[in-house]
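Notes follow once the structure below has been shown.
Read-outs: derived from the displayed coordinates by stated rules, not from any lab. Keep in mind that this is a model prediction, so the values were computed, not measured. Heads up, the Cβs are rebuilt from the backbone with ideal geometry, glycines too, and the neighbour counts pull from every protein chain shown.
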Amino acid sequence: MSRRQPRAALTDIALVGIALADAWAHVDIEDRPTTACALLGALALVLRHRLPLTTFVLTLPTGLVTDAVVAPTAALYTLSSVNRHRFLLGGCALLYAIIDFLPWPWSSLDATELSQTNSVFHLSYTLATAAAPVFLGQLVQARRELSLRLADISEARRQERLLTAQSVLAKERAQLAREMHDVVSHQVSLIAVQAGALQVGGRDAETRQAAATIRRLSVQTLEELRHMVGVLRASGSRPTELTPQPSLADLEHLLEAGGIEAKLETDVPEELPPTVQRAVYRTVQEALTNVRKHAPGASVTVRIGLGEGVLRATVTNTAPTRSALALPSAHHGLAGLAQRAELLGGTVTSGPTDQGGYELRLELPHEPNR
């Protein structure tokens with residue numbers, strides 16, 4: 001809109017200039033009344049967008065007393081391009097044709113002149129001159145309305161595609177929720193029940209402790225699954241968090257519930273951004289999961305600190321004390337951590353240690369509040 005206004009102003013200035021040049025070519029400067037009518041018609045074109053009918057009326061004297069046609073024709077075209085009343089447009093075109101058809105002054109007419117001006121050719125030319133701007137204005141108006149309707153249709157189609165995609169997504173989420181509820185939740189519930197039975201009937205303390213850990217993790221997993229199922233089923237509602245988002249304050253509980261000998265060393269402030277705290281938590285969580293799967297019996301040390309504008313979280317485990325069980329793995333954990341860190345401008349690296357253990361390191365940029 002801001003670019004269109006200067007363009008329209010330049011067009012109006014150019015049109016006024018052309019109308020003045022047209023009047024200059026057809027008006028005798030010494031004839032002051034005729035010159036005044038020509039100037040009035042040319043300068044009235046400045047108002048053609050705000051007052052199109054008034055502008056046309058102000059240009060009629062130009063067509064009456066002079067042979068200049070730019071000002072009344074432009075005013076009639078503008079009126080036709082913004083007005084829908086066919087009878088008004090027809091009346092204005094007819095009025096202009098009559099004024100242009102009859103010579104001025106009317107008192108100078110005699111029978112011979114009237115016979116000449118009533119020639120078929122002159123009459124056809126005058127009517128065509130009056131009708132052309134009306135038809136052109138109506139054509140421009142129809143084109144403008146067609147463009148607006150095409151834009152509306154395009155927007156409606158875009159909204160339709162968006163609604164269709166949302167509907168497909170809602171169906172997929174509902175199907176996923178059913179699968180999680182009917183399959184995953186059921187199997188995790190069986191794990192919790194079997195772990196509870198093993199905890200009660202276990203013969204040694206180590207077995208009962210392991211069973212208690214399995215049961216606790218199973219119950220926690222069930223709670224998270226139920227929450228996720230609820231979120232997936234609420235596909236049409238406003239976005240919600242999948243689970244209450246963890247922070248650094250939850251790390252101690254995470255280490256205690258993991259069933260691994262673990263030590264936490266941290267000196268970072270608690271006012272870190274929530275996204276950074278979640279990234280650190282998920283990194284430690286994934287590292288503990290990998291230790292349980294691939295390094296049974298190993299101990300873990302978690303170190304979190306700040307230095308030189310970088311937050312570093314390192315999870316290091318010792319060498320395993322017994323052979324690891326063959327468990328299924330999709331190898332998506334570390335890739336997900338790397339993507340999460342990359343979104344925050346950081347990196348994730350991992351690799352074996354010289355002592356036979358493994359180390360996972362997260363580095364994120366950190367700018368302290370000033």
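Some observations on this one:
- Cut-off 14 Å, label 7 Å out along Cα→Cβ of residue 50, residues of segment 7-29 by amide N: 9
- Distant-in-sequence amide H partners of residue 310 (H built 1.01 Å from N, under 5 Å): 366
- Placing dummy labels 7 Å off each Cα toward the beta-carbon, the span from residue 28 to residue 289 is 9.9 nm.
- For segment 255-267, 3J(HN,Hα) computed residue by residue from phi via the Karplus equation (6.51, -1.76, 1.60; θ = phi - 60°) reads 5, 5, 7, x, x, 10, 5, 9, 10, 10, 10, 9, 9 Hz, glycine and proline entered as x.
- Segment 242-317-segment 138-177 distance, computed between alpha-carbon centres (Å): 46
- Segment 352-361 - phi-based ³J(HN,Hα) in whole Hz, Karplus 6.51/-1.76/1.60, Gly and Pro as x: x, 9, 5, 8, x, x, 8, 9, 10, 10
- A simple rule links phi to the HN-Hα coupling: the Karplus curve 6.51 cos²θ - 1.76 cosθ + 1.60 with θ = phi - 60°, which for segment 307-317 gives x, 6, x, 10, 8, 10, 10, 10, 10, 10, 10 Hz, with x for Gly and Pro.
- Once backbone amide H atoms are built at 1.01 Å from N, residue 262 has 300 as its partners under 5 Å, excluding neighbours fewer than 5 places away on the same chain.
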